[in-house]
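Asker: Structure in structure tokens, see below.
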Amino acid sequence: MSHLSTDSHSYFCPCPRGLEAALAEELNEIAQFSAPAVTLKVHNQVPGGVHCSGLLSDAWRINLHSRIASRVLLRLTHGAYKNENDIYDMTLEQEWESWFPVSHTIRVDVTAVKSPLRSLQFTTLKIKDGICDRFRDLCNERPSVDTGTPDMRIVGFLDAHNFTLYLDTSGEALFKRGWRAETGDAPLRENLAAGLLRTSGWKPGTILFDPMCGSGTILVEAAQILAGIPAGARRRFAFEKFNDFESAKWLAIKGSFKPNPLPATPTIFGSDISGDMVQIAANNLRNAGILFEVPVKQIEAQEVKPPADAEHGIMLTNPPYGERIGVRGDSTLSSDDLLTAFFSAFGTTLKQRFAGWSIFLFSADLGLPKLLRLKEARKTPFFNGALECRLFRFDMVAGFNRREAAKPKAE
């Protein structure tokens with residue numbers, strides 16, 4: 001057995017900004033999977049991710065089970081630098097040959113915050129040179145670069161004074177679960193959808209409804225949680241290509257999760273104005289291994305009613321923009337007028353039909369409550385890539401949700 005698998009390593013798990021606390025909570029839950037001997041320790045949250053440490057097998061568990069992390073990066077070295085040559089020297093010192101053979105292809109990515117270095121491209125090149133020169137000194141060969149589908153991804157991070165070098169244990173980003181056959185326009189990333197579910201407080205058994213479900217990302221994430229299917233059950237990872245990879249141990253970890261019993265009646269529901277999207281969502285649910293019914297209907301969002309006549313539940317949706325906002329009939333309206341008309345009608349539907357429900361709308365439009373004529377109970381900031389968004393929460397209390405409702409009545 002390699003010492004690499006018995007050593008403790010430091011990890012950084014990046015995630016969508018705004019989900020750091022949710023990821024830390026999830027990592028603490030994953031740590032319990034190795035009980036009684038818990039070896040995964042969760043450390044500090046920083047903007048854009050969470051630091052933790054543990055055995056190599058803990059990185060496997062995070063890759064398999066985390067629904068919120070974007071990657072699991074294993075820290076190889078960390079230290080002060082003044083110029084690109086310092087970075088080259090630190091890279092050259094690493095025992096790359098312990099981790100992967102020279103025959104593996106590599107890709108190097110660098111991110112920086114307040115680094116004095118002028119060219120990230122040049123820095124990237126110096127890291128690549130450090131890895132290749134290390135192998136050339138050892139075996140007179142060097143690994144090839146493959147920016148598309150590399151075997152190994154190496155990540156450098158620079159701040160004003162320090163350089164950190166990571167080996168990516170994940171491979172493709174973790175939001176790529178391996179089930180998505182087709183998408184609509186700009187689908188919500190899977191790990192962001194999972195983070196929104198956690199932030200909304202949804203738990204399996206609670207009625208969940210997405211009335212603008214698009215390709216079904218929120219529905220699939222919820223259905224897999226309900227079924228007990230790990231996020232990474234249907235994909236492969238970079239660590240499977242590491243030297244001395246213990247495949248029997250990995251298969252034991254992968255096979256140790258217990259699927260939940262299938263629900264007798266549906267609790268997760270979706271709908272969309274587009275028949276094509278309804279079909280894509282149904283296909284994605286099937287590809288994701290969902291063996292129970294998740295009803296998805298074609299209907300305009302402003303026409304929906306609570307599914308299964310539920311008096312309580314959570315509505316979580318990411319309202320689309322432009323063409324997929326459906327207000328049938330008058331095509332002479334501008335897109336802004338269509339948007340205003342749609343949200344006005346949707347707000348009325350929520351007030352009239354969804355008393356007792358918690359409504360969560362995820363949007364980059366910070367004026368959304370005004371369009372709906374509703375007062376939000378809470379708004380949580382998130383980033384969808386570089387786009388600043390909000391998760392608005394509206395608690396639908398019968399007859400008391402109009403903004404003007406709180407004003408005192410005239411005598």
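Asker: According to a simple spin-label model (label point 7 Å from Cα along Cα-to-Cβ), what is the distance in nm between Lys82 and Gln45?
Answerer: Simple spin-label model gives 3.9 nm for this pair.
Asker: I'd like the antiparallel share, as a percent to the nearest 5, of DSSP beta bridges with both residues in the stretch 3-168.
Answerer: 75 percent
Asker: Sticking with this structure for a sec: Taking the Cβ-Cβ separation of Ala35 and Ser247 as r and a Förster radius of 30 Å, what is the calculated FRET efficiency to the nearest 0.05?
Answerer: 0.80
Asker: With angles folded into 0 to 90 degrees, how steeply does helix 275-287 sit against the dominant principal axis of the chain? Use alpha carbons for both and round to 10.
Answerer: That helix lies at roughly 40 degrees to the long axis.
Asker: At a Förster distance of 22 Å, what's the computed FRET efficiency of Ser5 paired with Ser53, Cβ-Cβ distance as r, to 0.05? Present the calculation step by step, with values, prior to reporting the outcome.
Answerer: Numbers: r = 15 Å, r/R0 = 0.66.
Using R0 = 22 Å, I get an efficiency of 0.90.
Asker: Report the antiparallel proportion of the DSSP beta bridges in the stretch 93-244 as a percent, rounded to a multiple of 5. Display every interim value, and only then the final one.
Answerer: Working: 5 of 13 bridges.
Antiparallel bridges make up about 40 percent of those DSSP assigns within the stretch 93-244.
Asker: Checking the a/c ratio against 1.5 first, then a/b against b/c, what shape does the Cα gyration tensor give for the stretch 1-47?
Answerer: oblate
Asker: Put a dot 7 Å past each Cα toward the Cβ at Glu172 and His312; how far apart are the dots in nm?
Answerer: Result: 4.0 nm between the two label points.
Asker: List, in the order given, every pair from Lys176/Lys203; Lys203/Lys254; Lys41/Lys82; Lys114/Lys379; Lys176/Lys351 whose Cα-Cα distance in the structure shown is over 27 Å.
Answerer: Table pairs above 27 Å Cα-Cα are Lys41/Lys82; Lys114/Lys379; Lys176/Lys351.
Asker: Now, a different point. Once the Cβ-Cβ distance between Phe257 and Ala181 is put in as r, and R0 is 22 Å, what FRET efficiency do you end up with, to the nearest 0.05? Write down the numbers at each step before the final one.
Answerer: Numbers: r = 24 Å, r/R0 = 1.08.
The calculated FRET efficiency here is 0.40.
Asker: Can you tell me the 0 to 90 degree angle between the C-alpha axis of helix 56-65 and the longest principal axis of the chain, rounded to 10?
Answerer: For 56-65 against the chain, the angle is about 20 degrees.
Asker: Still on this structure, I have one more. If a/c stays under 1.5 just call it rounded; otherwise compare a/b with b/c (prolate if a/b is bigger, oblate if not). Do that for the stretch 1-133, with a ≥ b ≥ c from the square roots of the Cα gyration tensor eigenvalues.
Answerer: oblate
Asker: Out of residues 5 or more away from Arg67 or on other chains, whose amide H comes under 5 Å of its own, with H placed 1.01 Å from N in the peptide plane?
Answerer: Those lying under 5 Å, H to H, from Arg67: there are none.
Asker: Rounded if a/c is under 1.5, else prolate if a/b beats b/c, else oblate: with a ≥ b ≥ c from the C-alpha gyration tensor eigenvalues square-rooted, which is the stretch 267-309?
Answerer: Values: a/c = 3.93, a/b = 1.36, b/c = 2.88.
It comes out oblate by the Cα gyration axes.
Asker: Would you grab the residues whose amide H sits under 5 Å from the one on Glu246? Only those 5+ places off in sequence or on another chain, please, with H modelled 1.01 Å from N.
Answerer: none
Asker: Another question, then. How many angstrom lie between the Cα centre of the stretch 360-381 and the Cα centre of the stretch 1-70?
Answerer: Between the Cα centre of the stretch 360-381 and that of the stretch 1-70, the gap is 33 Å.
Asker: Calculate for the chain the 222 nm mean residue ellipticity that helices alone would give, adding -39,500 (n - 2.57) per DSSP H run of length 4 or more and normalising by residue count, nearest 500 deg cm²/dmol.
Answerer: My calculation for the chain gives -9000 deg cm²/dmol from helical runs alone.
Asker: A further question follows. Between [x] 104, 23, 16; [y] 33, 25, 19; [z] 44, 24, 19, which entry matches semi-axes √(5λ) of the Cα gyration tensor in Å as derived from the coordinates of this structure?
Answerer: [z]
Asker: Moving to a separate point now. Return the percentage of antiparallel bridges among DSSP beta bridges fully within the chain, rounded to the nearest 5 %.
Answerer: 65 percent
Asker: By the scheme Lys and Arg +1, Asp and Glu -1, what is the net charge of all other residues having a beta-carbon under 14 Å from that of Lys82?
Answerer: -2
Asker: Can you give the angle from 0 to 90° between the axis of helix 335-353 and the longest principal axis of the chain, with both taken from C-alpha atoms, to the nearest 10?
Answerer: Between the helix axis and the principal axis of the chain, the angle is about 70 degrees.
Every read-out reported here was derived from the displayed coordinates using simple, explicitly stated rules and does not represent laboratory data. Because the structure is predicted, anything quoted here is derived from the model rather than measured. In this analysis, Cβ positions are derived from the backbone assuming ideal geometry, glycine residues included, and neighbour counts consider all displayed protein chains.
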